[in-house]
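*Asks:* One structure, pasted below without further comment.
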Amino acid sequence: MSFRFVAVSLLAASAVLSGPAHGATPLKEIKLDYAYYAPPSLVIKKQGWLEEAFKASGTEVKWVFTRGSNNSLEFLNSGASNFALTSSVSSFVARANGQPVKVIFNYSWAEPSSVEVLPGSPIKSVAELKGRKVAVTKGTDPYFYLLRALGENGLALNDVEIVHLQHPEGKTALEQGRVDAWVGIDPHLSAAKVAGTRTIYANPKFALGAVLNTNEAFLKEHPEAVKTVIRTYERARQWIIDHPQEIVDLVAEETKLPKEVAARQIGRIDFTRWVPGDYTIEAIKPVVPLLQEGGILRKSANAQQALDTLIDAAPATAVSKEK
């Protein structure tokens, strides 16, 4: 499903960044990830906006590249980054399983994936995947999307043979015929579709938020730094809406993929929702029973408590009031 949004109802001007407040102990460095699946992060890194925002406090900005929500959460958990770009479902799973993540910004809203096969494949439906090999990255939106697609078609995870591969390797495995189907993320998904893969399952009702997270300790200890990062992401969000061709050009340049692929990726995303809230949680809820049945949530996990405490919208709400 493609999304097309007109920016006329939104502010035309980009939000003006203000530097982080100076506490008694300014941050020596701040670490963030960036990802091809998160266009706002590419804009921020390319434009140098965070370096600009933290210059006055002498805080060094460090970037780490991530290939999926699983990588991003690992970096956050290990301290390699202070912020993580993930699926909202991935954030929920992490929190339910004991990682103290907090969702602080919704950077995009879209149907996260689809189930793809080669154009000459005899497989025409998800039901026909029974006993077949499916490539997907565990702990990411496509994995949760596959769970839902299987459930909608009367199948469970153990009815298919899961081949755990990172998103680009999963695409390659499909192209080489080593798996029967693949469930991946953009820009790899858009690249596959442009190259001719056939979609056997898509469901716009599976749309979810993709989010920026931090951990509870960092949020508590550095609230102004967190707001500076959110302010910068909001600036990038508005820039994307105001510069539809420039964002396609930038994504194509960064990913080294054709502009046709970048345009397809951007066209699938709704950038108008950014303060996380009830809508973020409501989209996660249908996945929870599948996560429990599939053993993805620990037996000790308190799913409702994780849902109730996943989001801290206060910093984004504060930034929204600055406009």
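The values are calculated or read from the model by the stated rules, or taken from the named source; none is laboratory data. Just so it is clear, the model here is predicted, and its values are computed rather than measured. Note that we place each Cβ from the backbone using ideal geometry, even for glycine, and neighbour counts take in every protein chain shown.
*Asks:* Somewhere in segment 219-237, is a residue in contact (Cβ under 8 Å) with a residue 60 or more places away in the chain and more than 19 Å from ALA318 (Cβ to Cβ)?
*Replies:* No, there is no match, as no residue in segment 219-237 is in contact (Cβ under 8 Å) with a residue 60 or more places away in the chain and more than 19 Å from ALA318 (Cβ to Cβ).
*Asks:* Under 30 Å from ALA135 (Cβ atoms), assigned by TED's automatic domain parsing to the domain that holds ALA84 and over 16 Å from the mean Cα position of the chain (by Cα): which single residue out of VAL248, VAL226 fits that description?
*Replies:* Only one candidate qualifies: VAL248.
*Asks:* Give segment 175-207 a look and list any residue that's under 13 Å from TYR145 (Cβ atoms), of a type outside the set (Val, Ile, Thr) and either over 15 Å from the mean Cα position of the chain (by Cα) or surrounded by fewer than 24 Cβ atoms within 10 Å (Cβ to Cβ) (or both), or say none.
*Replies:* Residues satisfying the conditions are ALA181, TRP182, TYR201, ALA202, ASN203, PRO204, LYS205, PHE206, ALA207.
*Asks:* Can you say whether ALA127 is touching a strand residue (DSSP E or B) at 6+ places or on another chain (Cβ under 7 Å), farther than 19 Å from ARG273 by Cα, among the aliphatic types (A, V, I, L, M) and assigned by TED's automatic domain parsing to the domain that holds ALA195, as far as the supplied structure shows?
*Replies:* Taking the combined requirement at face value, the residue does not satisfy it.
*Asks:* Select from segment 47-63 the residues that are more than 21 Å from the chain's Cα centre (by Cα) and of a type in the set (D, E, K, R) and list them in ascending order.
*Replies:* GLU51, GLU52, LYS55, GLU60
*Asks:* Related question: Could you check LEU76 against (1) in a strand (DSSP E or B); (2) crowded, with 23+ Cβ neighbours inside 10 Å; (3) among the aliphatic types (A, V, I, L, M) and say which number it fails?
*Replies:* Unmet for LEU76, out of (1) in a strand (DSSP E or B); (2) crowded, with 23+ Cβ neighbours inside 10 Å; (3) among the aliphatic types (A, V, I, L, M): (1).
*Asks:* Restrict the check to segment 171-179 and report whether at least one residue is within 30 Å of PRO315 (Cβ to Cβ) and either at pLDDT below 95 or in a helix (DSSP H, G or I) (or both).
*Replies:* no
*Asks:* Scanning for something modelled with pLDDT under 95, closer than 22 Å to GLN292 by Cβ, touching a strand residue (DSSP E or B) at 6+ places or on another chain (Cβ under 9 Å) and not in a helix (DSSP H, G or I), does segment 140-149 turn up at least one residue?
*Replies:* yes
*Asks:* Could you tell me which of the residues ARG67, ARG95 is part of a helix (DSSP H, G or I) and either at pLDDT 95 or above or outside the structural domain of LEU150 (by TED's automatic domain parsing) (or both)?
*Replies:* Checking each option against the conditions leaves just ARG95.
*Asks:* Only residues in segment 252-278 that are in contact (Cβ under 8 Å) with a residue 60 or more places away in the chain and over 21 Å from LEU212 (Cα atoms) count as the first member; pair them with residues that are part of a helix (DSSP H, G or I) and among the polar types (S, T, N, Q), Cβ under 6 angstrom, at least 6 apart or cross-chain, and list the lot.
*Replies:* VAL261/SER190; ARG264/SER190
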